[in-house]
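Q: Can you read through this structure? Questions will come right after.
The values are calculated or read from the model by the stated rules, or taken from the named source; none is laboratory data. Computed from a prediction, not measured in an experiment: that's the story for all the values here. All Cβ positions, glycine included, derive from the backbone under ideal geometry; neighbour counts span all protein chains shown.
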Amino acid sequence: MANRTDFETFVATRSRPLLKAAWLLTGDWQLAEDLLQTALAKAYLAWGRIQGGGTEDAYVRRVLMTTYVTWWRRHWRGEQPTDLVFEVQDLEDSYGGVDLRQVVMAALAQLPRRQRAVVVLRYYCDLSEADTADSLSCSVGTVKSQAAKGLAKLRDSGLAASIEEGRTR
Amino acid sequence: MSKLTEQELSAALQRVVAEPDEVPRRLTQVHQRARRLRGRRLAAGSSVLAVTFVMAMTATQLIRGPNDSAGPTDQPNLPTASTAPHGCPTTNACRPGTIPASLRRPLTLPRLLAGQPCPVSGSRRFGAGGGFSSAFRALGPGPFYLTGGGTISFDYPPTKDSGYAGTGWGGAKVIWAVDPAYSGPLLIRGGQIDGNHGLRFDHYIDSIGYSGSGPGDGKAYRDLAYPGASGRPILRTYPSAIRLRAAGCYAMQVDGIGFSELIVFRARLNPAR
């Protein structure tokens, strides 16, 4: 039986970074929550087996990635607005953020799911090739080739030009 | 081809991900979903046992387990295929890459008499979202908005180092926002209402006619159109650019399915450098 308190602590402390990775995979906060919720539910069922070994994070990440790779429905772009209102900050900075976000998400959307997962794990989660391979249940060689292909596609997408343009505009 | 280093990609990914305000409630209550998942697994397991038993008893019959018609057991809560884009009365009206002919209504911009003040549209505040890391103000009656405070500043003639140099138009970067309540297609046109100067637009990311990579083709277009979005209602934001040649009061007519709105803004020349 899962230790519910430990699990709740894990959810409270680790959900945000996992949710952000899920958003990079899906491009949509609702879908990201769906994805992470599914991964956490599966982890909860296995919690008695995985807790305490320091591998909880890796386990949930692995379930998250494999669930994402096997989802068959199309993903959606955009994010859910919030009711919270903050003080208006420098609009120019916000403009740059919106622009870059659109460019990055459009570029990521061109990648096949496994490549996108590799790119997110390697370049956002900053995992090693070995850890990335473990998360995706594949070989290190596959991670290397998928990362190289993903990076090449992102270069072709004009992402670098947009980043450069954002610096100079 | 531009280089994109691993460090640049990593920095870009870190920058575009907004920090969730809090752990969503549905994640903190994931136990309920886990229980349903376990229930389905048990049911699926029972079905296998039952089917095995029945098959052993009646080997000549093809028996389906009671859960076979339920589909994959671990499918997440994704939107169903029947999720209809709000504001799109027919599937055809929101076909990707097309703008319904019905949106090409006559362009009817108001005219200001000499000396009349520019009736800049009212604005509303949006919470952080759609790529904005904090709350932002946007102009217009909705559902389409021009973000910002209602005054566009630009250089004319454009400076030599800007992306507008050589196009014959000055320009200013803008962000459009579309209320989640409307997910249909959009057509945007406009002009000066206290003079006779034109208003043009860039075809940039997500717009119909965008070349699909980089900053676009740099041309100034009379019309700007966006296709309808499918899926769940979300706040849509589009980076774009307005092209101008003169300061003054301008209006945009935005046509969508079931509405036509007017957004009035002021354009101001940057001081000569």
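Q: Looking at (1) more than 14 Å from every other protein chain (Cβ to nearest Cβ); (2) surrounded by fewer than 20 Cβ atoms within 10 Å (Cβ to Cβ), find the lone condition where B:P233 falls short.
A: (1)
Q: What residue, among those in region B:202-227 that are modelled with pLDDT of 85 or more and within 12 Å of the chain's Cα centre (by Cα), is surrounded by the fewest Cβ atoms within 10 Å (Cβ to Cβ)?
A: Taking the candidates together, the pick is B:P227.
Q: A further question follows. Considering only region A:1-19, state which residues are at the interface with another protein chain (Cβ under 7 Å from one of its Cβ atoms) and either in contact (Cβ under 8 Å) with a residue 60 or more places away in the chain or of a type outside the set (D, E, K, R) (or both).
A: A:V11, A:A12, A:S15, A:L19 - these are the residues of region A:1-19 that are at the interface with another protein chain (Cβ under 7 Å from one of its Cβ atoms) and either in contact (Cβ under 8 Å) with a residue 60 or more places away in the chain or of a type outside the set (D, E, K, R) (or both).
Q: Okay, moving on. Would you check which residues across region A:20-43 are within 8 Å of chain B (Cβ to nearest Cβ) and within 18 Å of A:S135 (Cα to Cα) and list them?
A: A:K20, A:W23, A:L24, A:L35, A:L36, A:Q37, A:T38, A:L40, A:A41, A:K42
Q: From B:A138, B:A172, B:A177, B:A128, which residue is buried (at least 16 other Cβ atoms within 10 Å of the Cβ) and at the interface with chain A (Cβ under 8 Å from one of its Cβ atoms)?
A: B:A128
Q: Considering only region A:137-169, state which residues are touching a helix residue (DSSP H, G or I) at 6+ places or on another chain (Cβ under 8 Å), assigned to a helix (DSSP H, G or I), polar (S, T, N, Q) and away from chain B (no Cβ under 12 Å).
A: Selection gives A:T142, A:Q146.
Q: Mind checking which strands (runs of 3 or more DSSP E) fall wholly inside region B:134-231 and carry at least 2 residues that are touching a Gly at 6+ places or on another chain (Cβ under 9 Å)?
A: B:136-139, B:144-147, B:170-178, B:186-192, B:224-226
Q: Here's a follow-up. Restricting to region B:173-202, name every residue that is aliphatic (A, V, I, L, M) and farther than 25 Å from B:G127 by Cβ.
A: B:L187, B:I193, B:L199
Q: List the number of the failed condition for A:A46; all other conditions in (1) within 17 Å of A:D134 (Cβ to Cβ); (2) facing chain B (nearest Cβ under 9 Å) hold.
A: (2)
Q: Read through the list (1) farther than 16 Å from B:L224 by Cα; (2) within 14 Å of chain A (Cβ to nearest Cβ); (3) in contact with a strand residue (DSSP E or B) (Cβ under 8 Å, 6 or more places away or on another chain); (4) of a type outside the set (D, E, K, R), then give the number of the only condition that B:I193 fails.
A: With respect to (1) farther than 16 Å from B:L224 by Cα; (2) within 14 Å of chain A (Cβ to nearest Cβ); (3) in contact with a strand residue (DSSP E or B) (Cβ under 8 Å, 6 or more places away or on another chain); (4) of a type outside the set (D, E, K, R), B:I193 is out only on (2).
Q: Quick one: B:R243 ticks every box in (1) in a strand (DSSP E or B); (2) more than 24 Å from B:P110 (Cα to Cα) bar one, so which box is it?
A: With (1) in a strand (DSSP E or B); (2) more than 24 Å from B:P110 (Cα to Cα) applied to B:R243, the lone miss is (2).
Q: Taking the criterion of being free of Cβ contacts under 8 Å to residues at least 60 places away in the same chain, away from chain A (no Cβ under 12 Å) and surrounded by fewer than 21 Cβ atoms within 10 Å (Cβ to Cβ), would at least one residue in region B:251-273 satisfy it?
A: The answer is yes, given that some residue of region B:251-273 is free of Cβ contacts under 8 Å to residues at least 60 places away in the same chain, away from chain A (no Cβ under 12 Å) and surrounded by fewer than 21 Cβ atoms within 10 Å (Cβ to Cβ).
Q: Can you tell me which condition A:D134 does not meet? The list is (1) without any contact (Cβ under 8 Å) to a residue 12 or more places away in the chain; (2) crowded, with 17+ Cβ neighbours inside 10 Å; (3) more than 9 Å from every other protein chain (Cβ to nearest Cβ), and all the others hold.
A: (1)
Q: Answer yes or no: is there a residue in region B:180-190 that is small (G, A, S), surrounded by fewer than 19 Cβ atoms within 10 Å (Cβ to Cβ), over 18 Å from A:V103 (Cβ atoms) and touching a His at 6+ places or on another chain (Cβ under 8 Å).
A: Looking through region B:180-190, at least one residue is small (G, A, S), surrounded by fewer than 19 Cβ atoms within 10 Å (Cβ to Cβ), over 18 Å from A:V103 (Cβ atoms) and touching a His at 6+ places or on another chain (Cβ under 8 Å).
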